[in-house]
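> If you scroll down you'll find the structure; I have some questions about it.
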Amino acid sequence: MFFGITDIWTYVAGAFFIILLPGPNSLYVLSTAAQRGVRQGYRGAMGVFVGDTLLMVLAAAGVASLLRSTPILFNVVKYAGAAYLAWIGFQMLRSAWRSRRSPDAGGEAAEATSDRERAAESPFRKALIVSLMNPKAILFFISFFIQFVDPAYGTPALSFLILGAICQLFSALYLSVLIFGGTFLAGQFRSRRGLSAGLRTGVGALFIGFGARLATATLG
């Protein structure tokens, strides 16, 4: 046992592969970097880090166990998160549909309006909310994260700190790859309006899918 962690290498392997699974966090950071550049991409990534840290603290404080033992509370969190993710998806689909439907001149105006809307929103704030409503993160911290801490260990806060640091390290590396990969695509999106609309359509559909998955999720 390592500082109260019952099987650290199993946790490392599990956390690594769970971080690599596509989710709304990584998808939002990738699309933000592709459309708005590295700086805004990292602002989104900071929102993800803060959101995940809050979920870790809540899990360590016993909220995960509370959600497991109170199905009504879990369902409230679940459906609220599902509704928010679906709302983001519908907003993206509406923006893409408006861009595709407009003629070239109108399409440029719609694209400019969309750009102003994106510039007005805060990637940090939106990524923070997405992170807190992320079905993958919620189920990870409820069902996986807390299982590796020995309740008899004298300072469980240290155990949770180590587990959280490992998770955030993997997340930082993965999101950095996505951010720089997204900026590579940025030039293509700026020169091809149809490709940009296609990206928003695909990302919007995936967010709706994430919301549906969260709405049907169970603690089992």
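> Out of the residues in the range 4-20 meeting the condition of being small (Gly, Ala, Ser) and assigned to a helix (DSSP H, G or I), tell me which one is modelled with the highest pLDDT.
Applying the first criterion (small (Gly, Ala, Ser)) to the range 4-20 yields 4, 13-15.
Those left that are additionally assigned to a helix (DSSP H, G or I): 13-15.
On the way: 13: 88, 14: 85, 15: 85.
Applying the filter and picking the extreme gives 13.
> Hey, does the range 76-91 have a residue that's hydroxyl-bearing (Ser, Thr, Tyr) and either outside any helix (DSSP H, G or I) or at pLDDT 85 or above (or both)?
From the range 76-91, those hydroxyl-bearing (Ser, Thr, Tyr) are 79, 84; that's our starting set.
With the extra rule that they be either outside any helix (DSSP H, G or I) or at pLDDT 85 or above (or both), the set shrinks to none.
No, that holds for no residue.
> Considering each residue of the range 1-46, count those that are within 14 Å of the chain's Cα centre (by Cα) and not hydrophobic (A, V, I, L, M, F, W, C), and give that number.
Looking only at that region, the number is 12.
> Residues to consider are 38, 76, 63; find the one that is open to solvent by 20 Å² or more (accessible area, probe 1.4 Å), over 20 Å from residue 146 (Cβ atoms) and out of contact with any Ser or Thr (no Cβ under 6 Å at 6 or more places or on another chain).
Working: 38 fails: out of contact with any Ser or Thr (no Cβ under 6 Å at 6 or more places or on another chain); 63 fails: over 20 Å from residue 146 (Cβ atoms).
Answer to the selection: 76.
> Which of the numbered conditions does residue 106 fail, given that it passes all the others? Conditions: (1) touching a helix residue (DSSP H, G or I) at 6+ places or on another chain (Cβ under 7 Å); (2) modelled with pLDDT under 70.
Of (1) touching a helix residue (DSSP H, G or I) at 6+ places or on another chain (Cβ under 7 Å); (2) modelled with pLDDT under 70, only one is false for residue 106: (1).
The values are calculated or read from the model by the stated rules, or taken from the named source; none is laboratory data. Keep in mind the model is a prediction, meaning the values are calculated, not measured. Positions of Cβ are backbone-derived with ideal geometry, glycine not excepted, and every protein chain shown enters the neighbour counts. In case anyone asks, the SASA skips ligands and DNA or RNA and just uses the protein heavy atoms, side chains included. Shrake-Rupley method; radii C 1.70, N 1.55, O 1.52, S 1.80 Å.
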